[in-house]
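Reading through the structure tokens given below for one structure.
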Amino acid sequence: MFVRALLLASAILTTPFSLCQAATPDEQKTAHIFSTLQSDPVRLPVFMRQFPKGADLHNHLVGAIYAESYLKWAAQDGLCISVEQGTILPRACAATPAKGEWPATALPANEAAENRMIDALSMRDFVPTANDRSGHDHFFATFAGFGPAADKHAGDSLAEALDRAAQDHITYVELMISPGLGSMIASGNAHPLHDENYADAMQALKADLPALVATARHETDNMEQQAQHVLQCGTPQAHPGCKVAVHYLYQTLRIVAPSAVFAQLYAGYEIAHTDPRFVGVNFVCPEDDPVSMRDYDQHMRMFQALNSVYPDVKLSLHAGELTPGLVPPEGLTHHIRSAVEIAGARRIGHGVDIMWENDATGLLKEMAQKKIMVEINLTSNDVILNIKGKAHPFALYRRAGVPVALSTDDEGVSRGDLTQEYLRAATTWPLSYQDMKQLSRNGLEYAFIPGASLWHDGKILPACQTPDTSECRAFLGKNEKARLQMALENNFKQFEAETAHNPLLAD
């Protein structure tokens, strides 16, 4: 009993939203409805779709797009596809196409070929074969398959992601993007590292840095302008996605040479430091890749070196997306800890192998004390790592008082959305309606959005206890994070008022 009390106290202390706020009658009734619907596989999705979701903090833009969109854009660009290889080719078809190659424009007329391509470019209906043996390998192979169609359609991709977020009732998305990546890698390759002398490496790259940053900004400008056009923002025909708030994490690739990794990170830090659209840095590619495993500790020291130059730049790092057997036992022992203690990550993406970390209990306690939030990707961890249901450490993190939030990872490849993540959580663990609200609120509390939080010690700040006051309006006007958090609270009130009186959801 004493141990359970300590764990409960830890959870309350590390959670920004306790039960300090008095429940309204509508909230109480909505909570009761939720508890009755958890065993109803038909009505629960109706409830959960409309449920307000604070943020999606772990979302790779290029992986968020459905295969159907990539195939449509390939047709618009006159590209060729290889049905045999399940890939979009970076060129038009020859006058006499090779065996298995089709113009993308011809695909809609062949249902079998179109379905085969959708399956190849996503996890839909994945079944292992001798040449495609695991969900892990199939998942990561899709990116090369749709890459040529993604290159020219960053703005279309952003528009699709924002519209889907609006449909999912998400307030804010923090998208991982990599504008200007190629020139950064080239710059790094041109300036080899000498041991780990990062001060000299920065000096060698300094002359290239303005052009690298300018290229990334230009590509981001073009992406946003194209998305605004597609969404028709500012017009009477504006799409719902126009109302979704968005910032970016600069994502770098970790499976290239150390000099190229460092050049990406250096430029990424500079972008996050100087461009308010970018609120942090991350790094990507399979964590179990031989290069990722070999250089992991060095990568952590790169982050550590750059933190001393850019102390304002925030990090959310992929760490612990590993399972026993995928890598040797020693590969599971320290990635999360190193991301927290050496790289200084404020959030951890995935964190699946926490159980196999050295002194997992101590690490969980440290993460709870430091409020290191874990981005939980239930569907992704299922289809890539075969970690599903109660085998996922989601409940372990919550039991230890470590803050968590649900996210999608690559919803287009996984064929899901954030509602699906909430449904998985609600039907796997005995979560209450207040638990679901906490997960939603955590998304905004631990987002890297500029400004102060609306919350302190589980309560809304005194200035905004009465929202419609000049003091509260002034506070919200200066703090984007608090403004979005207030919007979420208003969305909860509206949702609960509608749900409490919805006969479709009543007992």
Net lengthening on full extension, D507/A23 (0.36 nm per residue, minus Cα-Cα):
172.2 nm
Once you put a point 7 Å from the Cα of Q369 and another 7 Å from the Cα of D137, both along the Cβ direction, what distance in nm separates them?
4.4 nm
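Run the dipole for the chain about the Cα centre, Lys and Arg Cβ at +1, Asp and Glu Cβ at -1, nothing else charged, and hand back the magnitude in debye, nearest 20. Don't skip to the answer; put the middle values down first.
On the way: 41 positive and 59 negative charges, 213 e Å.
My answer is approximately 1020 debye.
Given K29/K493; K53/K481; K314/K388, which pairs have Cα atoms separated by over 22 Å? The partial results should precede the final answer.
Working: K29/K493 12 Å; K53/K481 15 Å; K314/K388 30 Å.
In this structure, K314/K388 lie more than 22 Å apart at Cα.
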Describe numerically, in nm with one decimal, the distance between label points set 7 Å from Cα along Cα→Cβ at T129 and at K152.
3.0 nm
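Considering only protein heavy atoms and a 1.4 Å probe, what is the carbon-and-sulfur percentage of the accessible area of the chain? Can you show the working numbers first?
Values: 11870 of 21390 Å².
After summing per-atom areas, the C and S share lands at 56 percent.
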Among residues other than I336 whose Cβ falls under 9 Å from its Cβ, what is the net charge (Lys/Arg +1, Asp/Glu -1)?
-1
Tell me, what is the FRET efficiency for D289 and D40 to the nearest 0.05, using R0 = 56 angstrom and their Cβ-Cβ distance as r?
0.85
Rounded to the nearest 10 Å², the accessible area of T96 using a 1.4 Å probe with every protein chain kept is 120 Å²
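Of the peptides 178-191, 116-129, how do they stack up when ordered by the mean number of other Cβ atoms within 10 Å, highest first? Show your work: numbers first, answer last.
Details: 178-191: 19.6, 116-129: 17.3.
The densest-packed peptide leads the list: 178-191, 116-129.
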Picking from S157, A130, V173, whose Cα lies most toward the positive end of the charge dipole for region 123-174 (charges on Cβ: Lys, Arg +1; Asp, Glu -1)?
A130
For region 454-483 versus region 161-225, the gap between their alpha-carbon centres in whole angstrom
34 Å
How far apart, in nm, are the 7 Å Cα→Cβ label points at K206 and R473?
4.8 nm
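Hey, with R₀ at 56 Å, roughly what FRET efficiency would T427 and A94 work out to, going by the Cβ-Cβ distance, to 0.05?
0.65
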Those residues of region 106-146 whose amide nitrogen sits under 12 Å from the label point placed on Q85, 7 Å along Cα→Cβ:
144-146
Counting Lys and Arg as +1 and Asp and Glu as -1, what is the net charge of the other residues whose Cβ lies under 10 Å from the Cβ of V352?
-3
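To check you understand DSSP bridge types, tell me what percent of the beta bridges within the chain (both residues inside) are antiparallel, rounded to 5.
On the way: 7 of 37 bridges.
Beta bridges within the chain, antiparallel portion: roughly 20 percent.
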A correct Kirkwood calculation over the Cα atoms of the chain returns a hydrodynamic radius in Å of 23.9 Å
As a test of reading the structure, rank K390, K437 by solvent-accessible area (1.4 Å probe, protein chains only), most first.
K390, K437
To make sure I understand the rule: partners must be lysines, Cα under 27 Å from the Cα of K152, and not fewer than 8 residues away in the same chain. Which ones qualify?
K72, K99, K243
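Nearest 500 deg cm²/dmol is fine: what mean residue ellipticity at 222 nm does the chain get from its DSSP H runs of n ≥ 4 alone, each adding -39,500 (n - 2.57), divided by its residue count? Each step should come with its number before you reach the end.
Details: 21 runs with 252 residues, N = 507.
When only DSSP H runs of four or more count, the value is -15500 deg cm²/dmol.
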Towards the positive end of the charge dipole of the chain, with charges on Cβ (+1 Lys, Arg; -1 Asp, Glu), say which of N479, G412, T215 has the farthest Cα.
N479
Could you compute the net charge surrounding G280? Neighbours are other residues with a C-beta less than 14 Å from the C-beta of G280; K and R count +1, D and E count -1.
0
Rounded Å value of the spacing that divides the Cα centres of region 392-411 and region 286-319:
21 Å
So if each residue of separation counts as 0.36 nm, and I subtract the Cα-Cα distance between D435 and E111, what length gain in nm does that give?
112.3 nm
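The values are calculated or read from the model by the stated rules, or taken from the named source; none is laboratory data. Please read these numbers as outputs of a predicted model, since none were measured by experiment. Neighbour counts run over all protein chains shown; Cβ positions are idealised from the backbone, glycine included. When the accessible area is computed, the model is the full protein with side chains, heavy atoms only, and any ligands, DNA or RNA have been set aside. Shrake-Rupley method; radii C 1.70, N 1.55, O 1.52, S 1.80 Å.
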